[in-house]
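The values are calculated or read from the model by the stated rules, or taken from the named source; none is laboratory data. Just so it is clear, the model here is predicted, and its values are computed rather than measured. Methodologically, a virtual Cβ is constructed for each residue, glycine included, from the backbone with ideal geometry; neighbour enumeration extends over all protein chains shown.
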Amino acid sequence: MEIHRLDVHDDAATRAFHDVERAVARHDRPHAITRTYDAMLGSWRHPSPYRRYLPLVAVVGGRVVGVAELGFSLQDNMHLADLEISVLPTHRRHGVGRALHVEATRLRRAEGRTSCCGEVYEVPGSASPGVAFATALGYRSRHVEDHLLLPLPAVPPPVDVAGYEVLTWRDRCPDEYVDTYCEMRTRMNHDVPLGELDYEPVDMTVERLRVGEERTGRSYTSVVAVARRKADGVFGGYSLTYLAHGTDQALQDDTLVMPEHRGRHLGAALKAATLAIVLAEHPDRVAIHTWTDPDNAAMYRTNTAFGYRSVERMHEMQTTDPTTL
């Protein structure tokens, strides 16, 4: 077995990496939503000023049988690295995953990162190899979220938001809203439940937003809805949905209602607005996915009212090096 860094400019090698990643997700998780090849390639070949990736492959008999990806934030959380490992079912329990982890840990420490986290999933009624593998390597579950799925088409529940209007846009935030939108995005980053993760929330600047919009737009269509109070024009919340190009799935991402605007059903109205656009402009989409902290009772209730159901549980696993290293 050989473990080596992937040449991100080698088309055959990157295809092999993506094939393994997708095959493992489909085997272990019937409702997995995976990144497209183009989205993966874009993050590697056109690196962001805010994030860098380092992909690894495990090769047996000339064939890629396992893959790993390290992610490093470049301007915040400099103690932390992200790690995802996938091994084909036919090659598990042969040390492939551990070998990838050993090399990833060596590279992480060489970058001065003392902590590592990654996502693994539990599917109801089946074994959870990812949780067991991460636990055996010393990782602990620090945060959980339920992966919820809504088959499409769907009819959102009726919502009355008297005193507010809902505005929408695609991809790029209009200049006249950008400062307020960044303030809400920052609030979301600070308010979103993180359990016991050792992670510092990131402030959203206009520059960071614009870079993200440009990069995301290469592989995704973004749909944003914001609620604006009619009396004074103050924004009360937003919701964001992504549609990966070339797929039949949609991803309901952030939904935030600012504290002073809560209790007025704005969250449901914002979700309904983005869903209406998905249904009208992307009728080929067959499902929409979202992730919710099971302890977030208000958002869980809202999602259930739309018809979302839980299909698996995501664990954010984290390990930290001993201080003696």
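Observations on the structure shown:
- Region 74-85, residues that are assigned to a strand (DSSP E or B) and either touching a His at 6+ places or on another chain (Cβ under 9 Å) or closer than 12 Å to Arg108 by Cα (or both): Leu80, Ala81, Asp82, Leu83, Ile85
- Scanning region 269-299 for residues that are hydrophobic (A, V, I, L, M, F, W, C), assigned to a helix (DSSP H, G or I) and touching a helix residue (DSSP H, G or I) at 6+ places or on another chain (Cβ under 9 Å) turns up Ala272, Leu275, Ala298, Met299.
- Candidate set from region 20-31 (those that are surrounded by fewer than 19 Cβ atoms within 10 Å (Cβ to Cβ) and in contact with a helix residue (DSSP H, G or I) (Cβ under 9 Å, 6 or more places away or on another chain)); member that is modelled with the lowest pLDDT: His27
- Test: Gly246 is assigned by TED's automatic domain parsing to the domain that holds Asp160, at pLDDT below 95, more than 21 Å from Asp160 (Cα to Cα) and out of contact with any strand residue (DSSP E or B) (no Cβ under 7 Å at 6 or more places or on another chain): yes
- Of the residues making up region 173-190, those that are surrounded by 14 or more Cβ atoms within 10 Å (Cβ to Cβ) and more than 19 Å from Gly233 (Cβ to Cβ) are Thr186, Met188, Asn189.
- Residues in region 217-229 that are out of contact with any Lys or Arg (no Cβ under 9 Å at 6 or more places or on another chain), within 16 Å of Met258 (Cβ to Cβ) and of a type outside the set (Val, Ile, Thr): Arg228, Arg229.
- Taken residue by residue, region 155-170 has at least one member that is of a type in the set (Lys, Arg), assigned by TED's automatic domain parsing to the domain that holds Ala280 and under 30 Å from Arg208 (Cα atoms).
- Meets criteria (part of a helix (DSSP H, G or I), free of Cβ contacts under 8 Å to residues at least 12 places away in the same chain and charged (D, E, K, R)) for Arg98: no
- A count restricted to region 251-268 and to residues that are outside any loop (DSSP other than H, G, I, E, B) and out of contact with any strand residue (DSSP E or B) (no Cβ under 6 Å at 6 or more places or on another chain) stands at 3.
- Restricting attention to region 121-165, the residues that are under 20 Å from Asp321 (Cα atoms) and either in contact with a His (Cβ under 7 Å, 6 or more places away or on another chain) or assigned to a loop (DSSP other than H, G, I, E, B) (or both) add up to 5.
- Condition check for Ala39: out of contact with any helix residue (DSSP H, G or I) (no Cβ under 6 Å at 6 or more places or on another chain) and of a type in the set (Gly, Ala, Ser): yes
- Verdict on Tyr238 being part of a strand (DSSP E or B) and either touching a Gly at 6+ places or on another chain (Cβ under 8 Å) or of a type in the set (Ser, Thr, Tyr) (or both): yes
- In region 303-325, residue surrounded by the most Cβ atoms within 10 Å (Cβ to Cβ) [restricted to those that are part of a helix (DSSP H, G or I) and more than 20 Å from the chain's Cα centre (by Cα)]: Phe306
- Close contacts from region 1-23, counting a first residue that is closer than 22 Å to Arg106 by Cβ and a second that is among the polar types (S, T, N, Q), with Cβ to Cβ under 9 Å and a gap of 6+ residues or different chains, come to Leu6/Thr14; Asp7/Thr14; Val8/Thr14; Val20/Ser86; Glu21/Thr34; Glu21/Ser86.
- Verdict on Gly66 being modelled with pLDDT of 95 or more, touching a helix residue (DSSP H, G or I) at 6+ places or on another chain (Cβ under 8 Å) and not assigned by TED's automatic domain parsing to the domain that holds Thr221: yes
- Answer from Pro193, Pro201 - the residue that is outside any helix (DSSP H, G or I), surrounded by 15 or more Cβ atoms within 10 Å (Cβ to Cβ) and under 20 Å from the mean Cα position of the chain (by Cα): Pro201
- So Thr105, is it polar (S, T, N, Q) and either in contact with a Phe, Trp or Tyr (Cβ under 6 Å, 6 or more places away or on another chain) or over 28 Å from His31 (Cβ atoms) (or both): yes
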